[in-house]
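Chemist: Please find one structure pasted underneath; my questions will follow.
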Ligand code: PLP
């Protein structure tokens, strides 16, 4: 590339001006002991780095991209919106249209607020839960990641797991005292705690399919018990569907399992690759927000028309094409035959290959994975032009742009990388 700095120089400059050289730690590639990639552009299933190397992308902006990069219809919608101005701090039709599409697709969401990131959605939903219930405590589950919200930055998954940072400094202890952390998929421990503390608990927040300790689906019975017990004690049940929203069907994972939470968190896909978050639920709860209610929530860029236009375009295409069965079929084919020394968890187009030989159903079992082996596997794939998320404890994805040929290429690279690790993957 003419006059283009090479990645090594760019990284040096990044280190000089940006802490750790990156704007979000997962991008630092520390868990896999590599240097970060600097992307020049993305097209369909591929990303191209600053030196022109092409990768098949299975990270897909940590799940935000489902139609592939720079989809022509989505790009046109963004361009059309930009030509009308970037942000007004006033209402536009686009945010109304996006909200309506989401409310119609996810019946538990009667009203919704659009914000700028998943983190902001979580933070706002927690405040709303406390405002509604007049209680303080929140229950979360080990390995669940709900953005970098102070009181929830405890026992998180994601890259924090391999960074070895159990929490973050800079957060007063008092914040954690309102957070109860319980093992995922464990009904007895949940029941015991709820029995004892229910008058103090405002909300239970859960990823119905965990995506930040690797992909781990919640047992249906576990989710049913969460719903029953929270209903019984007037505690709000919050489903964090920031990854699963519009990833597995046209709606949330809740549409598939038929469990309605009180509040749903969305992000990623509903913004089509532009920054977004959203929280929505029952009318009477959502109406507690200012200006109708006394729970404050605000943002200069909330409901931004360019982001909303992008989200509308992605959701319209998903509705028209209904690609979910095909995505699942392709993902199944990709992972077919992998077992033995690895455990594969897959739901629809989300999956994780765990480097462990025992089943992975919670944070502790996920942590039995051999991260050193994962790092070597990751490097093997990278050399073959395949980009997986740079941590054992992340979800991998497939987009509608991944062709059979791309899948075949990834499959071959996986097998090659396993062979290089001397790993027996077939039982
Ligand atoms: N919740 C879940 C389940 C997530 O996976 C993430 C991000 O990966 C978040 C919340 C935070 O979203 P954001 O990164 O947009 O702040």
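Chemist: Any chance you could run the full-extension gain for residue 325 through residue 200? It's 0.36 nm times the residue separation minus the Cα-Cα distance, nm to one decimal. The partial results should precede the final answer.
Modeler: Working: separation 125, 0.36 × 125 = 45.00 nm, distance 4.23 nm.
Gain on stretching residue 325 to residue 200: 40.8 nm.
Chemist: Follow-up question, since we're still on this one. For the chain, modelled as a GNM with alpha-carbon contacts under 10 angstrom, which of 383, 23, 322 fluctuates the most?
Modeler: Of 383, 23, 322, the Gaussian network model singles out 23 as fluctuating most.
Chemist: Here's another thing I want to ask about it. Mind sorting 130, 137, 224 by how few other Cβ atoms lie within 10 Å of their own Cβ, fewest first? Write out the running numbers ahead of the final one.
Modeler: On the way: 130 18, 137 21, 224 15.
Ascending number of Cβ neighbours within 10 Å: 224, 130, 137.
Chemist: Also, I was wondering about something else. Taking the DSSP beta bridges in the chain as the whole, what percent of them are antiparallel, to the nearest 5? Write out the running numbers ahead of the final one.
Modeler: On the way: 28 of 46 bridges.
Taking every DSSP beta bridge with both residues in the chain, the antiparallel ones total about 60 percent.
Chemist: Which distance in nm do the two modelled labels at residue 283 and residue 404 give, with both placed 7 Å along the Cα-to-Cβ direction?
Modeler: About 5.0 nm separates the two model spin labels.
Chemist: Okay, next question. Neighbouring Cβ atoms within 10 Å as the yardstick, rank 149, 307 fewest first. Could you put the intermediate results ahead of the total?
Modeler: Working: 149 23, 307 26.
With the sparsest Cβ surroundings first, the list reads 149, 307.
Chemist: Moving on to the next point. Which length gain, in nm to one decimal place, applies between residue 83 and residue 150 when the Cα-Cα distance is subtracted from 0.36 nm times their residue separation? Mind showing how you got there, number by number?
Modeler: Numbers: separation 67, 0.36 × 67 = 24.12 nm, distance 3.76 nm.
Gain in length upon complete extension: 20.4 nm.
Chemist: Follow-up. Of 346, 392, 16, which is the most mobile in a GNM of the chain whose springs link Cα atoms less than 10 angstrom apart?
Modeler: Looking only at 346, 392, 16, the largest GNM fluctuation is found for 16.
Chemist: Take 244, 86, 400 and order them by how many other Cβ atoms sit within 10 Å, fewest up front.
Modeler: Working: 244 30, 86 10, 400 21.
Starting with the residue having the fewest Cβ neighbours, the order is 86, 400, 244.
Chemist: Oh, and also: Taking a ≥ b ≥ c as the square roots of the eigenvalues of the Cα gyration tensor of the stretch 269-426, is the shape rounded (a/c under 1.5), prolate (a/b larger than b/c) or oblate?
Modeler: Numbers: a/c = 2.59, a/b = 1.87, b/c = 1.39.
The shape class here is prolate.
Chemist: Also, quick follow-up: Using the scaling law 2.2 N^0.38 Å as the reference, what is the normalised Cα Rg of the chain?
Modeler: On the way: Rg = 21.1 Å, N = 427, 2.2 N^0.38 = 22.0 Å.
With N residues counted in the chain, Rg over 2.2 N^0.38 Å equals 0.96.
Chemist: Okay, moving on. Going by a ≥ b ≥ c, the root eigenvalues of the Cα gyration tensor, does the stretch 204-279 fall in the rounded group (a/c under 1.5), the prolate group (a/b larger than b/c) or the oblate group? Could you put the intermediate results ahead of the total?
Modeler: Values: a/c = 2.00, a/b = 1.59, b/c = 1.26.
In terms of gyration-tensor shape, prolate.
Chemist: Rounded, prolate or oblate: which fits the stretch 53-120, taking a ≥ b ≥ c as square roots of the Cα gyration tensor eigenvalues, rounded meaning a/c under 1.5, else prolate when a/b beats b/c?
Modeler: Details: a/c = 2.02, a/b = 1.32, b/c = 1.53.
Because a/c hits 1.5 or more and a/b fails to exceed b/c, the stretch 53-120 counts as oblate.
Chemist: Take every DSSP beta bridge with both residues inside the stretch 223-366 and express the antiparallel ones as a percent of the total, to the nearest 5. Let's see the in-between values first.
Modeler: Details: 10 of 15 bridges.
If I count the DSSP bridges inside the stretch 223-366, around 65 percent turn out antiparallel.
Chemist: Once you've got the GNM for the chain with C-alpha springs shorter than 10 Å, pick whichever of 82, 386, 180 has the biggest mean-square fluctuation.
Modeler: 82
Chemist: What's the center-to-center distance, using Cα atoms, between the stretch 329-347 and the stretch 76-149 in Å?
Modeler: Cα centroid of the stretch 329-347 versus Cα centroid of the stretch 76-149: 33 Å apart.
Chemist: Please work out how much length the chain gains when fully extended from residue 357 to residue 73, using 0.36 nm per residue of separation minus the C-alpha to C-alpha distance, in nm with one decimal.
Modeler: Details: separation 284, 0.36 × 284 = 102.24 nm, distance 4.35 nm.
97.9 nm is the gain from fully extending residue 357 to residue 73.
Chemist: For the stretch 283-311 and the stretch 358-427, what is the separation of their Cα centres, given in Å?
Modeler: 39 Å
Chemist: Quick one: if you stick a label point 7 Å off each Cα along the C-beta vector at residue 177 and residue 43, how many nm between them?
Modeler: Taking the simple label geometry, residue 177 and residue 43 are separated by 5.8 nm.
Every number here is computed from the coordinates shown, using simple stated rules; none is lab data. Keep in mind that this is a model prediction, so the values were computed, not measured. Positions of Cβ are backbone-derived with ideal geometry, glycine not excepted, and every protein chain shown enters the neighbour counts.
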